[in-house]
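Some notes on the structure that comes next.
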Amino acid sequence: MSFDLRRAEPSHAGALTRVIAGLTGLFVVLAILVAAGWDPLQSLDDNVGDAAYDFSQSRPGLVDFLDVVAVIFSNLWCGIALAAGAAYALYRRERQVALWIAVSGIAAIGGNALLKLIFRRDRPVYDNSLHEIGGFSFPSGHSAGSAMFFTIAVLMAIVITGRGWRRRIMIAALVLLGLGVGASRIFLGVHYLSDVVAGLSFGIAVTLGLWLLLVTDATRLPHELAVLTGSGRKRVAVILNPSKIADVEEFKERVRTVATRDGWSEPLWFETTIEDPGYGQALAALEAEVDLILAAGGDGTVRAVCEEVARTGVAVGILPHGTGNLLARNLGIPLNTRDALDVAFSGQDRAIDLGTYKTDSGTDTCFLVMAGLGMDAMIMNGVDDQLKEKVGWLAYFVSGVKAARYPAMKVQISVDDGEFQKFKARTVVVGNVGFLQGGIPLLPDAQIDDGLLDVVVIAPKRFIGWFAILVRVLGRGRRTNEQLGRLKGRKVVIRAEKPMPMQLDGDPVGEGLEITAEVQPGVLLVRVPVALAPAEF
């Protein structure tokens, strides 16, 4: 997970400042009314408090649950959680974010305690107290602390995750939890409604204010040189696979909106066909002398475009619309179209390696992600297209279970023209990247720009042996043995004793006896998220 502080920038300038001003104003009004002992406010507090108390008193199980909530969101445990969050930010070299978390905790919790001493408001009194607690009532400390904690959690969710329904669900859940902690204080009979509202307002306003003060100046927009490409005329072409895009016209409008925003010209549009998955379209875009080519489709479309554009000095922006999207995942490119467009138009160019792929059956092409033979190719062959449309990449898992009994075959592998080594393998994978869907580190040492290819040879002796291999893969184990071997080099030749199914970047490419894969270092420019330098205090 990477921090992109630009994601937390509101779409409307000054929106965050207005929110802070509104919350501050609400707190000030409540503080004045409480200090003045304004009767209508006290009457409202009493009525709401009595109704909540009556509801909780007849439900001892609810009271027990609210007691647990009170402990979990006490200052002690909030402080521990904040310390963990600050430590994680430091680990990710986001020192200003770590400072913001620490200062927010001190300001919200310490500031709230100071305010209690200033206003010295007594807590609600009931004949049969539901929860024993001392101190003063205004503003609610639990409410201020939870507001601060969940505001931090919401902002961290925004800067770490891309746009989409998952982020919206996460933010909605965090907001509801924060409000729920505040409401729990009323139902326990230890705070008035105005105490809780003031605590929530204070905690959110302080945390957002410190974000503006300590973090927003660290947004670190890319240097203008990072986003210059080609002639600088900002001409862009979009090569899209219409079978992968639900609404082509809506997609085009999205691209136009971001292109216009970032100063690019009206895009040139090219659609792939069954006969031509992207090669001819990429050539036409290059002949039009564009400065940037966007590839919108699955790994097959992206591979075709990149193969044609390699060595031209024109950058490729990737807009993932496939099931696997392995190249995008390994480069940190968001799978959400809106975020991917931001990267394509405002990211930076990264030179990556391209793999060449030749077989004895006549295939001569390139690959960006992984190539292989054996069981992994059987998985690609066995994927149910209808199931893939419904559950996405999980369909590969279902096919994998079916293919797990693929028999071991004798293969010979030569690295960098060295002597052939003999293996008995169920599958052999040559990778330009390291991670599969779900973040599975099949080739943990693979780097897309290291000028090398990584090889994994997998040969469990029995079906149960797959579990031991899975544990080693997930644990990123580098030790090799007869069941899982690893190799690395610039050129890899694989020979099988008899024809085996083969795959290229997830697409089946028939059967063959021999594969020759070579790396072409740094021949392709791809737009990736801007590498944010560590912030300085």
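The values are calculated or read from the model by the stated rules, or taken from the named source; none is laboratory data. Source: prediction; values computed, not measured. Glycine gets a Cβ as well: all are built from the backbone with ideal geometry, and neighbour counts include every protein chain shown.
Worth a mention:
- Restricting attention to region 244-268 and to residues that are modelled with pLDDT of 90 or more and more than 29 Å from the chain's Cα centre (by Cα), the residue that is farthest from R303 (Cα to Cα) turns out to be E266.
- Residue within region 265-278 that is part of a helix (DSSP H, G or I), in the same structural domain as T323 (by TED's automatic domain parsing) and of a type outside the set (D, E, K, R) present: no
- Whichever residue in region 127-144 is farther than 18 Å from L30 by Cα and small (G, A, S) and, among such residues, is surrounded by the most Cβ atoms within 10 Å (Cβ to Cβ): S129
- Some residue of region 98-109 being among the hydroxyl-bearing types (S, T, Y), crowded, with 20+ Cβ neighbours inside 10 Å and part of a helix (DSSP H, G or I): yes
- The set of residues from region 57-97 being of a type in the set (S, T, N, Q) and either in a helix (DSSP H, G or I) or under 32 Å from the mean Cα position of the chain (by Cα) (or both) comprises Q57, S74, N75, Q96.
- Cross-chain or 6+ apart pairs with Cβ under 9 Å, region 309-330 first and hydroxyl-bearing (S, T, Y), then part of a loop (DSSP other than H, G, I, E, B): T323/G298; T323/V383; T323/G392; T323/W393; T323/G506
- Failed item in (1) modelled with pLDDT of 85 or more; (2) assigned by TED's automatic domain parsing to the domain that holds T272, with D353 passing the rest: (2)
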